[in-house]
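The values are calculated or read from the model by the stated rules, or taken from the named source; none is laboratory data. Source: prediction; values computed, not measured. Counting neighbours? That spans all protein chains shown, and the Cβs are built from the backbone with ideal geometry, glycine included.
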Amino acid sequence: MLIFFSIIILSLIFPGIIVRTKSVLSGRKGPSIVQPIYDLIKLFRKGTVYSITTSWIFRFAPVLYFSSAILAALILPIGNKSGIISFEGDFIFFIYLLGLSKFFLIIAALDTGSAFEGMGSSREALYSMLVEPAFFILLASFALLSGNSSFEGLFNTLTFDTSIALFIGILAAYTLFHIALLENSRLPYDDPKTHLELTMIHEVMVLDYSGFDLALIQWTGHIKFVLYSLLVSNFFLKPEMNLGLQFLIFFATTVLFAISVGFIESFRARHKLRNNNKAIVILTSIAILVFFGSLLVLKKLF
Amino acid sequence: MLLLLIVCFSALYFIFPKKLLSFFNLFLFVLLFSISSYFSIENLFFGKSISFESSIGFWGKNIVLKIDKLSSYFILIINFTGIVSAIYSIRYLEMYKNKSRIELSLHYFSFFVLYWSMIVLTLVQNTIAFLVIWELMSLSSFILVMFESEKKLTSRAGINYFIQMHLAVILLMIGFITVNFYTGGWTLSDLNIYFAEHKNIGLFLILFAGFGFKSGFMPFHTWLPHAHPAAPSHVSALMSGVMIKMGIYGILRVVFSLQQDLLLIGIIILLISIISGISGVSMAIVQHNLKRLLAYHSIENIGIIGIGIGTGLIGLATENQTLAALGFTGGLLHVLNHSLFKSLLFFSAGSVYQRTHLMNIDSMGGLIKKMPVTAFIFLIAALSICGLPPFNGFVSEFLIYNGFVIGIIKSDLLIKLLFLFALLGLAAIGGMAVFCFTKAFGIVFLGNPRSKEVEHANEVSTLSLIPQFLSLALILLIGFAPGLVVNPIYNIITENSENLKETIFPSTESLNSISLAVGMLVIITVLVFLIKKLSFKGKTVSETITWGCAYSGEAPKTQYTASSYAENYIHGMENGLGIETTYNPIKTREYFPQKRHYHSHNRSFYEVKVFSPIKNRMSKVFEKLAIIQTGQTQHYILYPFILIIVMIILTVLNFI
């Protein structure tokens, strides 16, 4: 339960850190770190406007989007403490759960009958289709390294002590970081701050949402970010560390994660939309590299 | 004997009046359903084996019908899909008012023949009888596909199907004759003897190709995307739901008789299946015809089933029991799952067709308001075919994925890499299926209506919805309580495989945890939903038109269509997918553009590059052979005469 609550709390300040980093880097003072919490509260208290074209799908999708992220948060372990639900192959369930939530968000966007939202959903569907193999292979490589197929076992026995192993860890962290950027539609894949509907991906899908629903969707995005950073921090947690230290590392990784997102958003332009496909496929190849690295570590290759 | 009686009974189809036909059909289905289900449940759950010899002599021997766990399993699948399609057909066929009584009688008759021939197929042990029944199955389904034979496309699809099925039969015949040649036996168990003494790979490939035609593995799939859209929906449901699985049944029988070369054969099946899966779904994305899209998904799902079987075989070959158990169980469970959600998809596509007379996705839209129940059913089926939790498709894919992980952890380098590739493939298939079904559901059911036909649509009758709810219930049952169904399925495998005897299914615990997890998902969702409802109290919830950057006219026309949705995906792959577009681009100096049309369609790469050349070559050869067909009676009398003379000469010369 402790992990769960820390994920929720971190998810609330995560976007604040990103915004703060960006404003500091561009020489502004910027809003307070807790500003996103106020934003969410404001949205939660507002009324809602629905499009007349929409059906129950549109109203139901944000709820499922949120609840599956919550369930996903319950699956992830921290260090040697397993998640509330943990079984052999739970990472497959994890990926497919996120897939389910995405499916609903995509059809909810199509539910509005808007050209822009159709555009966004087509892009989102394509990118999540392209990125899925990368995530699978990454986790399969950890399964190979650790000889386990549940999240708990995966990270429990995972240590990056040799130089190759460390290298693998860094590659894997890089890939996961990019998957997180993509799944949350940040630069360089998508620009959440763009003002032109034609170039948006995620933002354009939720154009018609307002009030409570919008708050749910935004919050889910933040939770997903923290989920990925928890995954990354798990690489570097060792079972023998005590719980406090583990949480400290988790917090530190998440903050670092947010700061690096801020950095990237300050200094990088986004990819051309057409180039996104290639960039995402590259993630899969890096994941395959991680797989071969794992074979190397296990001395199976040579 | 009872079976024979029912078969004879079915001749009555031609006597009944038009109105009662459908109910008579249902009556026969129920009759056969109850008998065969009784035997299969007895066998599958209580372990009673029943075998009986019929009194019909055949090739000097009596035909033996034997029921074992594998056949019971398939019979149950056939029965369920059979009965729901029979119920569904009652209202569906009312649409064809201009069909005469005899046409309908023939249709129902073949529908019933298809049904019982599949059941008998799983029971017969004699290979020749197997081929005869197989042929009956193909012929009856051919007649069913040809129901609307006045349409040119339908008759072409039918003939195409007819020819390809006969290629398949020839291959199977060659296979069975080879077995007979070496062992002297005409039963399926002689396969065992043959495989014990000879090289396995050759015969396997022949039989695999033969069965592969039926089930639609990649190089043999070209009949599928034509036949399914041409056939009426209840027929497509039965054909795609179970008939193509008879190929899988055959492959499984062969696979369980194999004695050597297991690894090689496993790898071959795995690779072919991955290719089928990926190419099936990637072709599905670019389709505009709803039923053709579903047909391509059948190829994909056959691929997934094959991936399971291949994984299982590799597990057997490397003596990794967990891997074998997971692979086979995943594959077999997917047979059941696919029969459930694919028949549902075809039913709901049929309902849409019934009410709108449209098959082109791009002219639909907004149907969720007109046909809410059908939309809901299609959505659930779409979610399960994408393998998303908490529905049944996820369970079988989960088992297969788990197998891959086990395979990656515990095997040699080569197999590890193979499973890496398989993992890549299955993940890609999953992602593409999501892409395809968000498109299909979103464009067909959501948004604004794109044509007049849609605006006048309404929900189909309750009688058509009842069978769909039955399938839905099973989908949910498997999705929420996978632990219940997996053990009986695993028993089928332990019965058929020596190496797995006395083992228990390795992954029951995970499946129970999945039940828990999906249960929690439902609870959390309901909670959040309630909170949302509560929070709406005292707030203004209003409705307005969709945000279109302040543009509010022509909403239906500006919507994304199936073509534009897939455009991102197609970009750069036009050649690989065989997309052909005709469009006259606007010239730079054309200040007042003329009205113009954009048209795109796709032709399967295999059809254009592989199948058509062979087909053309063959028809040329046959044209030359047609010289002997002069149309003069004298000549035709001459031919047997020449034959007799040749035979006499050969006998005299001691050649015969």
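Note on segment B:505-541: residues that are more than 9 Å from chain A (Cβ to nearest Cβ), of a type outside the set (A, V, I, L, M, F, W, C) and assigned to a helix (DSSP H, G or I) total 4.
Residue-level analysis places A:Phe104 outside the set of residues that are within 8 Å of another protein chain (Cβ to nearest Cβ) and either within 16 Å of the chain's Cα centre (by Cα) or not charged (D, E, K, R) (or both). Taking the criterion of being in contact with a helix residue (DSSP H, G or I) (Cβ under 6 Å, 6 or more places away or on another chain) and not in a helix (DSSP H, G or I), the only residue of segment A:251-274 that qualifies is A:His271. Within segment B:405-412, identify whether any single residue is surrounded by fewer than 24 Cβ atoms within 10 Å (Cβ to Cβ), at the interface with another protein chain (Cβ under 9 Å from one of its Cβ atoms) and either touching a Leu at 6+ places or on another chain (Cβ under 7 Å) or more than 29 Å from B:Thr318 (Cβ to Cβ) (or both), and answer yes or no. Within segment B:405-412, one or more residues are surrounded by fewer than 24 Cβ atoms within 10 Å (Cβ to Cβ), at the interface with another protein chain (Cβ under 9 Å from one of its Cβ atoms) and either touching a Leu at 6+ places or on another chain (Cβ under 7 Å) or more than 29 Å from B:Thr318 (Cβ to Cβ) (or both). Screening B:Arg450 with (1) within 14 Å of chain A (Cβ to nearest Cβ); (2) part of a helix (DSSP H, G or I); (3) of a type in the set (D, E, K, R) gives one miss only, at (2).
Evaluating B:Glu455 against the criteria (1) buried (at least 23 other Cβ atoms within 10 Å of the Cβ); (2) closer than 22 Å to A:Trp56 by Cα; (3) charged (D, E, K, R) leaves one unmet condition, (1).
Please specify each residue of segment A:84-101 satisfying the condition of being within 7 Å of chain B (Cβ to nearest Cβ) and in a helix (DSSP H, G or I). Spell out how you get there, then give the answer.
Keep residues of segment A:84-101 that are within 7 Å of chain B (Cβ to nearest Cβ), which gives A:85, A:87-89, A:92-93, A:96-97, A:99-100.
Those that are within 7 Å of chain B (Cβ to nearest Cβ) and in a helix (DSSP H, G or I): A:Ile92, A:Phe93, A:Tyr96, A:Leu97, A:Gly99, A:Leu100.
Taking into account only those residues within segment A:23-34 that are aliphatic (A, V, I, L, M) and loosely packed, with under 15 Cβ neighbours inside 10 Å, which is farthest from the other protein chains (Cβ to nearest Cβ)?
Looking at the filtered set, the residue picked out is A:Val24.
Tell me whether segment A:44-61 contains one or more residues that are within 14 Å of chain B (Cβ to nearest Cβ), touching a residue at least 40 places away in the same chain (Cβ under 8 Å), among the small types (Gly, Ala, Ser) and part of a helix (DSSP H, G or I). Yes - at least one qualifying residue is present in segment A:44-61. In summary, A:Ile37 fulfils each of the numbered conditions (1) surrounded by 14 or more Cβ atoms within 10 Å (Cβ to Cβ); (2) within 14 Å of chain B (Cβ to nearest Cβ); (3) among the β-branched types (Val, Ile, Thr); (4) part of a helix (DSSP H, G or I) with the single exception of condition (2).
Across segment B:376-396, the number of residues qualifying as surrounded by 24 or more Cβ atoms within 10 Å (Cβ to Cβ) and part of a helix (DSSP H, G or I) comes to 11. Going by the conditions given, is A:Ala134 surrounded by 23 or more Cβ atoms within 10 Å (Cβ to Cβ), of a type in the set (A, V, I, L, M) and within 11 Å of chain B (Cβ to nearest Cβ)? Yes.
The rows are residues; the columns are (1) surrounded by 15 or more Cβ atoms within 10 Å (Cβ to Cβ); (2) among the small types (Gly, Ala, Ser); (3) modelled with pLDDT under 85; (4) closer than 19 Å to B:Ile268 by Cα.
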{"site": "B:Leu167", "(1), (2), (3), (4)": "no, no, no, no"}
{"site": "B:Met173", "(1), (2), (3), (4)": "yes, no, no, no"}
{"site": "B:Trp186", "(1), (2), (3), (4)": "yes, no, yes, no"}
{"site": "B:Asn192", "(1), (2), (3), (4)": "yes, no, yes, no"}
{"site": "B:Phe211", "(1), (2), (3), (4)": "yes, no, no, yes"}
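Beta carbons closer than 6 Å, at least 6 apart along the sequence or on distinct chains, pair a first residue in segment B:82-111 that is of a type in the set (Lys, Arg) with a second that is surrounded by fewer than 21 Cβ atoms within 10 Å (Cβ to Cβ) and not in a helix (DSSP H, G or I) for B:Arg91/B:Ser461.
Here B:Ile193 does not qualify as aliphatic (A, V, I, L, M) and within 22 Å of B:Phe111 (Cα to Cα).
One residue alone among B:Ile275, B:Ile244 is closer than 23 Å to B:Ile429 by Cα and either buried (at least 24 other Cβ atoms within 10 Å of the Cβ) or of a type in the set (D, E, K, R) (or both), and that residue is B:Ile244.
Is it true that A:Leu64 is closer than 30 Å to B:Lys369 by Cβ, at pLDDT below 90, outside any loop (DSSP other than H, G, I, E, B) and facing chain B (nearest Cβ under 7 Å)? Before you say what the answer is, go through the steps one by one.
Working: closer than 30 Å to B:Lys369 by Cβ: yes; at pLDDT below 90: no; outside any loop (DSSP other than H, G, I, E, B): yes; facing chain B (nearest Cβ under 7 Å): yes.
For A:Leu64, the condition - closer than 30 Å to B:Lys369 by Cβ, at pLDDT below 90, outside any loop (DSSP other than H, G, I, E, B) and facing chain B (nearest Cβ under 7 Å) - is not met.
If only residues of segment A:198-226 that are part of a helix (DSSP H, G or I) and among the charged types (D, E, K, R) are counted, the one that is farthest from the chain's Cα centre (by Cα) is A:Asp213.
Residue check: is B:Leu423 within 20 Å of B:Lys439 (Cα to Cα) and within 11 Å of another protein chain (Cβ to nearest Cβ)? Spelling it out, it is not the case that B:Leu423 is within 20 Å of B:Lys439 (Cα to Cα) and within 11 Å of another protein chain (Cβ to nearest Cβ). Please work out if B:Lys557 is of a type in the set (Lys, Arg) and not in a loop (DSSP other than H, G, I, E, B). When the stated conditions are applied, B:Lys557 passes them.
Considering the conditions (1) closer than 22 Å to A:Phe103 by Cα; (2) at pLDDT 85 or above, A:Glu203 is excluded by exactly one of them, (2). Residues that are within 14 Å of another protein chain (Cβ to nearest Cβ), of a type in the set (S, T, N, Q) and in contact with a helix residue (DSSP H, G or I) (Cβ under 9 Å, 6 or more places away or on another chain) do not occur anywhere in segment A:231-240. Is it the case that some residue within segment A:227-250 is closer than 23 Å to A:Leu126 by Cα and in a helix (DSSP H, G or I)? Within segment A:227-250, one or more residues are closer than 23 Å to A:Leu126 by Cα and in a helix (DSSP H, G or I).
Scoring A:Lys193 on the criteria (1) out of contact with any Ser or Thr (no Cβ under 9 Å at 6 or more places or on another chain); (2) surrounded by fewer than 23 Cβ atoms within 10 Å (Cβ to Cβ); (3) within 14 Å of chain B (Cβ to nearest Cβ) leaves a single failure, condition (3). Among the residues of segment A:71-83, is there at least one that is more than 21 Å from B:Leu527 (Cα to Cα), touching a Lys or Arg at 6+ places or on another chain (Cβ under 8 Å), crowded, with 20+ Cβ neighbours inside 10 Å and more than 10 Å from every other protein chain (Cβ to nearest Cβ)? The answer is yes; a qualifying residue exists.
Does any residue of segment B:294-307 turn out to be aromatic (Phe, Trp, Tyr), part of a helix (DSSP H, G or I) and under 16 Å from B:Ala381 (Cβ atoms)? Scanning segment B:294-307 turns up at least one residue that is aromatic (Phe, Trp, Tyr), part of a helix (DSSP H, G or I) and under 16 Å from B:Ala381 (Cβ atoms). Restricting the search to segment B:115-134, which residues are assigned to a helix (DSSP H, G or I) and under 19 Å from B:Leu252 (Cα atoms)? Within segment B:115-134, B:Ser117, B:Met118, B:Ile119, B:Val120, B:Leu121, B:Thr127, B:Ile128, B:Ala129, B:Phe130, B:Leu131, B:Ile133, B:Trp134 qualify.
Just checking, which of A:Gly169, A:Gly153 is within 13 Å of another protein chain (Cβ to nearest Cβ) and either free of Cβ contacts under 8 Å to residues at least 12 places away in the same chain or surrounded by fewer than 24 Cβ atoms within 10 Å (Cβ to Cβ) (or both)? Explain how you work it out, then say what you get.
Details: A:Gly169 fails: within 13 Å of another protein chain (Cβ to nearest Cβ).
Testing whether each residue is within 13 Å of another protein chain (Cβ to nearest Cβ) and either free of Cβ contacts under 8 Å to residues at least 12 places away in the same chain or surrounded by fewer than 24 Cβ atoms within 10 Å (Cβ to Cβ) (or both) leaves just A:Gly153.
In this structure, does A:Ile137 turn out to be within 23 Å of the chain's Cα centre (by Cα) and either outside any loop (DSSP other than H, G, I, E, B) or hydroxyl-bearing (Ser, Thr, Tyr) (or both)? Before the answer, list the steps.
Working: within 23 Å of the chain's Cα centre (by Cα): yes; either outside any loop (DSSP other than H, G, I, E, B) or hydroxyl-bearing (Ser, Thr, Tyr) (or both): yes.
Yes, satisfied.
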